[in-house]
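Here the structure comes first, spelled out in structure tokens, and everything after it is commentary.
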């Protein structure tokens, strides 16, 4: 897998006339090399694949990235960075502009000006992230397994819920169950938002007890071999009120329309409108303030694709994995969000998450 990814990246660098790329973003580093340590850089040229890290990770690199040349970082940046580039013909050195601080950029620029004035730093945006947008079969297997872990945990935990349990207690039970089922570290903090808290899309669980008859938004994800899942369900313990039934029905229709209508060749703006138009027609357009979905992979929010009114006009393609998650949020009452993880396969949406939904 690594070889094909490097080949694609080198092709992209050739198009941009970049002699080498200095990769600092953690997910991109892992995607290219398989190294999941917390510190290090990857340097890719037309001929070389180098992984630079410090003493703590030397043995780990040998195990996880045997096809990369190991470069051990020692001393200050001014000492090791010129050595990393020794012997390499790099007049145009690309760097990930969104993942290097201004201070570090200044430091690298000063070093190059002094030690290698022939080398120019070239800012790059989404060079590796674009490649990550199309998932390979092995990646999809890991994402599918993460989704299955999330489904299992949601079904097991919510089946036992009773009024009086707190948001924090529910969040912990979900996390514990996912870890016991084989999940790695949570890709994000589990969201449990009961009653009025549901009007906050990213509410943090609190000691607030969950009452009978109120909406409870649960947003959760598992991680398998570095790959994430993302799932949201809105439930009610006991008998819901008329507002719940109405809002839930609108959101459910919006999600179903997006799942049925999204296909390869449509873009993120069009996919978003499939759901948004239904919510707008019911008079709740202003209460759906986020995009319909986002890419999911090594990050919970992979940069590609995006499904929103502000998404780029690029077509959605087979192999893309993303969420479809319309929502309506009413201050003082709560919210309803329904999110499923999907992929495009043979031009159509395929569901990856199958957790029980409120009936």
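The values are calculated or read from the model by the stated rules, or taken from the named source; none is laboratory data. Everything numeric in this text was worked out from a predicted model, so none of it was measured. Don't worry about glycine lacking a Cβ; one is built from the backbone with ideal geometry, like all the others, and counts go over all protein chains shown.
Points worth noting:
- Of all residues in the range 227-259, those satisfying the criterion of being surrounded by fewer than 21 Cβ atoms within 10 Å (Cβ to Cβ) and either under 23 Å from the mean Cα position of the chain (by Cα) or not assigned by TED's automatic domain parsing to the domain that holds residue 317 (or both) are 256, 259.
- A single member of 108, 121, 131 is under 25 Å from residue 5 (Cβ atoms), touching a strand residue (DSSP E or B) at 6+ places or on another chain (Cβ under 6 Å) and outside any loop (DSSP other than H, G, I, E, B), and it is 121.
- Test for residue 315: is it in the same structural domain as residue 212 (by TED's automatic domain parsing), surrounded by 24 or more Cβ atoms within 10 Å (Cβ to Cβ) and touching a residue at least 24 places away in the same chain (Cβ under 8 Å): no
- Number of positions in the range 46-77 that are touching a helix residue (DSSP H, G or I) at 6+ places or on another chain (Cβ under 8 Å) and outside any helix (DSSP H, G or I): 14
- Qualifying residue in the range 321-328 (condition: surrounded by fewer than 18 Cβ atoms within 10 Å (Cβ to Cβ) and either outside any loop (DSSP other than H, G, I, E, B) or at pLDDT 95 or above (or both)): no
- Tally of residues being under 13 Å from residue 263 (Cα atoms) and not in a strand (DSSP E or B) across the range 329-359: 2
- Any hit, the range 179-194, residues being in contact with a helix residue (DSSP H, G or I) (Cβ under 9 Å, 6 or more places away or on another chain), assigned to a helix (DSSP H, G or I) and within 15 Å of residue 327 (Cα to Cα): no
- Which listed residue, of 249, 261, is under 23 Å from residue 197 (Cα atoms) and free of Cβ contacts under 8 Å to residues at least 60 places away in the same chain: 249
- Summed over the range 198-228, the residues that are over 18 Å from residue 158 (Cα atoms) and touching a helix residue (DSSP H, G or I) at 6+ places or on another chain (Cβ under 8 Å) give a count of 7.
- Count of the range 68-97 residues, restricted to those that are under 31 Å from the mean Cα position of the chain (by Cα) and at pLDDT below 95, is 0.
- Given (1) surrounded by fewer than 19 Cβ atoms within 10 Å (Cβ to Cβ); (2) outside any strand (DSSP E or B); (3) touching a residue at least 12 places away in the same chain (Cβ under 8 Å), index of the condition residue 283 fails: (3)
Condition check ((1) more than 21 Å from residue 316 (Cα to Cα); (2) modelled with pLDDT under 95; (3) touching a helix residue (DSSP H, G or I) at 6+ places or on another chain (Cβ under 9 Å); (4) in a strand (DSSP E or B)) across all residues:
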site	(1), (2), (3), (4)
244	yes, no, no, no
250	yes, no, yes, no
258	no, no, yes, no
271	no, no, yes, no
277	no, no, yes, no
291	no, no, yes, no
304	no, no, yes, yes
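- One residue stands out in the range 78-95 among those that are without any contact (Cβ under 8 Å) to a residue 12 or more places away in the chain and part of a loop (DSSP other than H, G, I, E, B): the one that is surrounded by the fewest Cβ atoms within 10 Å (Cβ to Cβ), namely 87.
- Test: residue in the range 135-148 that is touching a residue at least 60 places away in the same chain (Cβ under 8 Å), within 30 Å of residue 84 (Cβ to Cβ) and not in a helix (DSSP H, G or I): yes
- Evaluation of residue 17 against the conditions (1) closer than 19 Å to residue 225 by Cβ; (2) part of a loop (DSSP other than H, G, I, E, B); (3) touching a strand residue (DSSP E or B) at 6+ places or on another chain (Cβ under 7 Å) shows that the sole unmet condition is (1).
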